[in-house]
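Below is one structure, written out as structure tokens; the observations come after it.
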Amino acid sequence: EAGVTQSPTHLIKTRGQQATLRCSPISGHTSVYWYQQALGLGLQFLLWYDEGEERNRGNFPPRFSGRQFPNYSSELNVNALELEDSALYLCASSFSEGRTDTQYFGPGTRLTVL
Amino acid sequence: AQSVTQLGSHVSVSEGALVLLRCNYSSSVPPYLFWYVQYPNQGLQLLLKYTSAATLVKGINGFEAEFKKSETSFHLTKPSAHMSDAAEYFCAVSESWGKLQFGAGTQVVVTP
């Protein structure tokens, strides 16, 4: 069974540009989560999508946004990039059954902002 | 709000020795707790999780963790370290549906 996939693996942008990151969940999973892993800041929850709707959001500015498509894949958009947005962005997926859901993670997209 | 504290950002163990990684949590609701491992340049892999069934939870690769409510702890152990255990380990609590709150992580180095 295929795991969570993310693209691209690496992304280099300059300050002020927009970045788009993509995620395909495990087949059968309806929930997709996004986390940021920045150096020195640990893993921070960004967004949760389920059945096409944004269900929860972490403490990030509105320039971090995303969506979930009818096939449950997801896109994370980061507008007006800042240097501190440089990080590994991890996507995870799960069934949507509650707080005990196991989140399965993809390999991540490394975003570098110059 | 819930939070997770991992004691020790770096742990060095000898091959064959006990691995002990500490995790303490705070929670106003019954906690659901997870341990994940991250190998270099990879995503996170679930080792084990506690969901209020047995307090001693067995996971993959010989790891286990014990939930102790009185100590608000969920420490991860492995009796005998292998070189392949070198990685970063994260403890997490399910804060609310759809959101994991992670600890800062513990980097494990295994020496021959």
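Read-outs throughout are calculated quantities, based only on the coordinates presented, and are distinct from any laboratory measurement. These numbers come from a predicted model, not from an experiment. Don't worry about glycine lacking a Cβ; one is built from the backbone with ideal geometry, like all the others, and counts go over all protein chains shown.
Here segment B:2-112 is treated as an ellipsoid with the same Cα gyration tensor; its semi-axes, largest first and in whole Å, are 23, 14, 12.
Note that segment A:32-47 has calculated 3J(HN,Hα) couplings of 10, 10, 10, 10, 10, 10, 9, 4, x, 10, x, 8, 10, 5, 9, 8 Hz, one per residue in order, obtained from phi through the Karplus relation 6.51 cos²θ - 1.76 cosθ + 1.60 (θ = phi - 60°); glycine and proline are x.
Farthest toward the positive end of the dipole of the protein assembly as shown, out of B:Gln45, B:Val109, A:Gln103, is the Cα of B:Val109, where the dipole comes from beta carbon charges about the Cα centre.
What's the Kirkwood radius of the protein assembly as shown in Å, using all Cα pairs?
18.0 Å
Phi angles across segment A:17-28 convert, under the Karplus curve 6.51 cos²θ - 1.76 cosθ + 1.60 with θ = phi - 60°, into 3J(HN,Hα) values of 6, 10, 10, 10, 10, 10, 9, 10, x, 5, 4, x Hz, Gly and Pro given as x.
When +1 charges are put on Lys and Arg Cβ atoms and -1 charges on Asp and Glu Cβ atoms, the dipole computed for the protein assembly as shown relative to its Cα centre reaches about 200 debye.
Relative to the globular-protein estimate of 2.2 N^0.38 Å, the Cα radius of gyration of chain A stands at 1.00. The magnitude of the dipole of chain A, with charges of +1 and -1 set on the Cβ of Lys/Arg and Asp/Glu and taken from the Cα centre, is near 360 debye.
According to the Kirkwood relation over distinct C-alpha pairs, the hydrodynamic radius of segment A:21-82 is 12.1 Å. Inter-chain Cβ neighbour count for A:95-104, averaged per residue, equals 6 (cutoff 10 Å, partner chain atoms only).
Working note: Cα atoms of segment B:1-46, range along each principal axis, descending, whole Å: 38, 23, 16. Rounded to the nearest 20 debye, the dipole size of chain B about its Cα centre is 220 debye, using +1 on the Cβ of Lys and Arg and -1 on the Cβ of Asp and Glu.
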